[in-house]
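Okay, structure first, notes after.
Throughout, read-outs are computed from the coordinates displayed, never taken from laboratory work. Model, not experiment: these values are computed from the prediction.
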Amino acid sequence: MENAATKFENLLAEQNQLVLQSPEWYSELQHAVAWLIQHDFNRLVQTLYRIDVDETRLKNVLALEASQPTEDLIAALIVERMIQSLQTKKQWAEKRNDIPDEDRWNE
């Protein structure tokens, strides 16, 4: 079921759209994470590293919330990190607008 891993990658690629608010998208993400846990754990770890999910936070959440399904916890951390990433991009875009035109590099 390699399609689940590909679907996982595609779901992450959609982060710049407003799909973060979609319950269907979130459910698909949970299923993809569950599949990767069972069938391609290394790919899951590599993807979490690539999108910069905090490893210490991941370990703490998994330890403290052991009664919750692992895929739910990991999916929540992925979405949390994606939102942080979007917020950071927005902040940098706003700061860039604070630079006077004469001080900007040619774009």
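Can you work out the Karplus-derived ³J(HN,Hα) for every residue in the stretch 35-48? Use 6.51 cos²θ - 1.76 cosθ + 1.60 with θ = phi - 60°, whole Hz, and x for glycine or proline.
5, 5, 4, 7, 10, 8, 4, 4, 5, 4, 4, 4, 5, 4
Once phi is turned into ³J(HN,Hα) by the Karplus curve 6.51 cos²θ - 1.76 cosθ + 1.60 with θ = phi - 60°, what whole-Hz value does each residue of the stretch 78-86 show in order, with x for glycine and proline?
Couplings: 4, 5, 4, 5, 5, 5, 4, 4, 5 Hz.
Could you calculate the contour length gain from ILE99 to VAL45, that is, 0.36 nm times the residue separation minus the distance between their Cα atoms, to one decimal place in nm?
Length gained between ILE99 and VAL45: 15.6 nm.
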